[in-house]
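The values are calculated or read from the model by the stated rules, or taken from the named source; none is laboratory data. What you see is a predicted model; the values in this text were computed from it and never measured. Every residue, glycine as well, gets a Cβ built from its backbone with ideal geometry; the counts of neighbours run over all protein chains shown. Remember, those area values only see protein heavy atoms, side chains included, never the ligands or the DNA or RNA. Shrake-Rupley method; radii C 1.70, N 1.55, O 1.52, S 1.80 Å.
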Amino acid sequence: MRDPEEALSQLVQAAMADELGPDYAHADPLIRASQFADFQANAAMSLAKSAGQQPRELASRLAARLGDSDVVASAEVSGPGFINLTLRDDWLADQATSQLADPRLGVRTADPAQTIVVDYSGPNVAKELHAGHLRATTVGDAVVRVLEHLGHKVIRAAHLGDWGTQFGMLIEHALDIGEQATYEQLVAGEFTAFYQAARQKFDGDQAFADRSRQRVVELQAGGEQALQLWRLLVDDSMAYLRQIYTRLDITLTDDADMDPESFYNPMLADVCAELEATGVAVISDGALCAFPPGFTGRDGRPLPLILRKSDGGYGYGSTDVAAIRYRLRDLAVDRIIYVVGSEQSLHLAMVFAVARQAGWLTDRQSAEHAVVGLMTGPGGQRLRTREGEQVKLVTLMDEAVERAERVITDRYQDPAQRRQIAEAVGIGALKYGELSVARDSSYALDFDRMLALTGNTGPYLQYAAARIRSIFARAGLDPAGARGPILLTVPAERTLALRLAGFGRAVGEVVAGAEPHKLAGYLFDTASAFTTFYEQCPVLSAEAGLRESRLALASLTLQVLVTGLGLLGIGVPDRM
Ligand code: ARG
C-alpha cells in the first residue's frame, strides 16, 4: 500500500518540477491535514517568492497539473494559495484492501536502521518503585517497542542503581536479620522498612556505623565476602522488580537490560584518566571535575560535574560519564534516548556536554533527554500517601485493577475470568493514562477518568477492539480471514479508511521526539472513526459484497488497534 501523504507529496513535487524546473523536484510540498479536504499542500506560498510568481497564481498552476491522476480526485485553490487535495475513493479503497493484506499493515521498516540505547525506568536496588517511576517506565518501553518494530537495533538500559555508599549499612543490616528475612522483606517490596531500620542503626549505633563504613571500603575494593552479600541484595531486589515488570508487561527481561551502574565500575578510573589527560577534567578542591562550557551556577561560577570525589570515591555522575563513553565509543550507537525526569535535566545536559568535549559524541550521533513529567495528586501536588510517603507503584496497580473489576463486575460470572479481564483493563488504563499525555506534562491521577469507557482512555480502545471481535464472533468468522475487497460507499467508511491509511505514519511519528502520545492520539482517532462507522453502517446485515467490504474494514481496524496498542505495551482482552 502507499501512504496517502507520501503519494500526494510525490505528485506535488512532480508538478513543481514541471512548473518551475527540476530544482524544485525535492522541495517540501508542505502536505498538511486539512479541514476542507483530505489534505492540503502549502508549498505555493513558500515557493512563490523564489519562483517570482504570485502565490495564488502558482497554486492554481500546480492544481491544474494535479487534478488528473489516479490518486487525486480534486485539487482546489483556496485562500492565499492553499491547494486542497481530495483523494479518489477507488484509490483509497485499494490502499485499504492492500493494507489489510500486508502483515505490517503499511508500517515500513526504517532505512537506515540505527542502533539505539534507550535508558529508561531507572530503578534502584533496595528501593521500591513508586508512582513516579511509571512514566519513565511506560514511555521508555513504548519507545523501545516502536523502534524495534521499525527495524532498529535497540539496547535496553535500565541503568539500575546498584552501587553507592549506602550499601555498607544495607549489607550490615541484612547480616543482622539474616538471609531469609532479608529475602522475604525485599521480594515483598518492603524496602522502606528495610532501609529505615538500617538507617536507624547507622545513626544510633556507633559500632554498626563503623562496620558499615568498613563494609563499603571492602565492597569498593572488591572484597569477595562483601560482594557476595551485596549480590544477595541485588538479587532480592531483582526478584521484586521482575514481578512488577512482568505484571506491567515491561520488556526489561534480560539481565543485560538492567545495565546496572556497577557494570561501569571497572571503567571509572580510566574514564577519569582520559578526561584528565585531555584537559576536559581538572582537579578542583581535591576533586576531579569537568567544567563543561556554558554551565554556570547562580553566582556566575562554572558548574562542576564531579568525576572523582576528593576522598577518591566515585558517584552518580562518574557512572553516567563512563556509561555514555561506553555507549558512544565502544558500542558505537547512533542514538541514546534517556527517558528520565526533568529534575535530572541539568545533570544529563552536563554529561552530554562532557561527552561532546571529550570527542565521544560525534556529529553523527545524538544523545537526548526525553524528559518525563510527574503523575501528581488531584490538586497538582506531589502524589503522597496520608502518611506523607511516596505512593508505591504496586499500590496504584492494585487500585486500578480493583476499580476495573468493579466497573465490569456485573458482566462476568466467572471470578477467574473477571479477575483476568480486570487485570488487563486496570493495568492498561494505568499505562495508557501515562502514554496518552505529552510525556513531559504533569498529569493528575484520576482513576475515574482513566477507567472511563469513553474518551481517550485505555478501556475505550480495548473496548473498540473487543467489540470488533464480537462482530466476527457473532458471524462465526475469523477476523484474520477477511479479505475484502474494501469498497468505500458512504463517508463514514471513507473517513475510517483514510485514518487507517495513516497508521505507518503515526507509528513513525513516535520516533523523532520519543513521543508515544502521538501514536495514542492516532489510535483514539481511529477508534472514534470506527465508532461512527459502526453506528452508521450495518455490517452483518449488509448486502453481499458490501458485507465483505465492511468486515474487511472492521478487521483492518482491529489489527491496527491491537498492533498499535501492542506497540504501546497495552494488551487487549478478548472480551470486555
Ligand atoms: N536510578 C536513577 C534514579 O533513581 C535514574 C537513572 C537514570 N538514568 C541515568 N543514566 N542516569 O534517579
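If I filter the stretch 329-339 for residues that are over 23 Å from A290 (Cβ atoms) and within 16 Å of the ligand (Cβ to nearest atom), do I get at least one hit? Taking every residue of the stretch 329-339 in turn, at least one turns out to be over 23 Å from A290 (Cβ atoms) and within 16 Å of the ligand (Cβ to nearest atom).
Residues in the stretch 307-328 that are away from the ligand (no atom under 13 Å from the Cβ) and acidic (D, E): D311 alone. Scanning the stretch 133-142 for residues that are under 12 Å from V118 (Cα atoms) and not β-branched (V, I, T), we see that the one that is nearest to the ligand (Cβ to nearest atom) is A136. When the helices (runs of 4 or more DSSP H) confined to the stretch 369-471 are screened for residues that are in contact with a Phe, Trp or Tyr (Cβ under 7 Å, 6 or more places away or on another chain) and either open to solvent by less than 40 Å² (accessible area, probe 1.4 Å) or more than 29 Å from E509 (Cα to Cα) (or both), those reaching at least 1 such residues are found at 393-408, 415-435. If we scan the stretch 96-117, do we find a residue that is within 16 Å of the ligand (Cβ to nearest atom), modelled with pLDDT of 95 or more and assigned to a strand (DSSP E or B)? Yes; the residues of the stretch 96-117 include at least one that is within 16 Å of the ligand (Cβ to nearest atom), modelled with pLDDT of 95 or more and assigned to a strand (DSSP E or B).
Check T251, T246, T192 and return the single one that is under 29 Å from S121 (Cα atoms) and at pLDDT below 95.
When all the criteria are applied, what remains is T192.
Comparison of R242, R231, R211, R298 shows that the only residue that is touching a residue at least 24 places away in the same chain (Cβ under 8 Å) and basic (K, R) is R211.
Among the residues of the stretch 472-488, is there at least one that is farther than 18 Å from L565 by Cα, of a type in the set (K, R) and not in a loop (DSSP other than H, G, I, E, B)? Explain how you work it out, then say what you get.
Within the stretch 472-488, the subset farther than 18 Å from L565 by Cα is 472-478, 481-488.
Subset that is of a type in the set (K, R): 474, 483.
Add one more test, that the residue is not in a loop (DSSP other than H, G, I, E, B), and what stays is 474.
Among the residues of the stretch 472-488, at least one is farther than 18 Å from L565 by Cα, of a type in the set (K, R) and not in a loop (DSSP other than H, G, I, E, B), which makes the answer yes.
Against the criterion of being hydrophobic (A, V, I, L, M, F, W, C), open to solvent by 20 Å² or more (accessible area, probe 1.4 Å) and away from the ligand (no atom under 16 Å from the Cβ), A93 does not qualify.
Right, Q196: open to solvent by 10 Å² or more (accessible area, probe 1.4 Å), over 14 Å from the mean Cα position of the chain (by Cα) and closer than 22 Å to K392 by Cα or not? Yes, satisfied.
If you go through the stretch 143-160 one residue at a time, do you hit one that is modelled with pLDDT under 95 and either open to solvent by 30 Å² or more (accessible area, probe 1.4 Å) or more than 10 Å from the ligand (Cβ to nearest atom) (or both)? Within the stretch 143-160 (the criterion being modelled with pLDDT under 95 and either open to solvent by 30 Å² or more (accessible area, probe 1.4 Å) or more than 10 Å from the ligand (Cβ to nearest atom) (or both)), the answer is no, since none of the residues qualifies. For first residues located in the stretch 339-355 and within 13 Å of A136 (Cβ to Cβ), partners that are among the β-branched types (V, I, T) and within 8 Å of the ligand (Cβ to nearest atom) and lie 6+ apart or on another chain with Cβ distances below 8 Å form the pairs L348/V340.
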